[in-house]
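FYI, it's all coordinate maths here, none of it is from the lab. As the structure is a computational prediction, the values presented were derived from the model and not from experiment. Virtual Cβ from ideal backbone geometry, glycine too; neighbours counted across all protein chains shown.
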Amino acid sequence: MSVTANRIKELRTQKKLTQSELAETINTSRVTISRIESETRQPSYAMLSLIADALDTTVEYLQGKTDSPLKTPHNGSDDGDDKKHVDLADDELIMSFEGKELSEDYKNSILAFVKMLREERK
């Protein structure tokens, strides 16, 4: 059995979902899920994305590109709770654009602009 088929079936059973329940969740048929799990059908990336969301994992995990089934390395949550707070006065703040670190002048300009926007909203 392929990694993808095996992981879909494994996660589905861990979540105590039947093929029909998973199919209903992603708006497809039970037969489609059965064919994917038995490798009779190769799912498209769009289908894998729907399945990954329904099983609370990533496409990369289903494809075997990673061994972590979690959506994020921190807590598996995609609800924003894992966002890092950044203090605008943080001297260690590294800002980059198009892969290049910004100069101190650009950083200061950006921080001044953000502070101005924040003050306007008050």
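Taking 0.36 nm per residue of separation and subtracting the current Cα-Cα distance, fully stretching the chain between Ile26 and Ser103 would add 23.1 nm. Here the alpha carbons of region 1-76 define both size measures, Rg and Dmax, at 11.4, 35 Å.
For region 12-21, 3J(HN,Hα) computed residue by residue from phi via the Karplus equation (6.51, -1.76, 1.60; θ = phi - 60°) reads 4, 6, 4, 8, 6, 9, 7, 4, 5, 5 Hz, glycine and proline entered as x.
Summing Lys and Arg as +1 and Asp and Glu as -1 over all other residues whose Cβ lies under 11 Å from the Cβ of Ile33 gives a net charge of +2.
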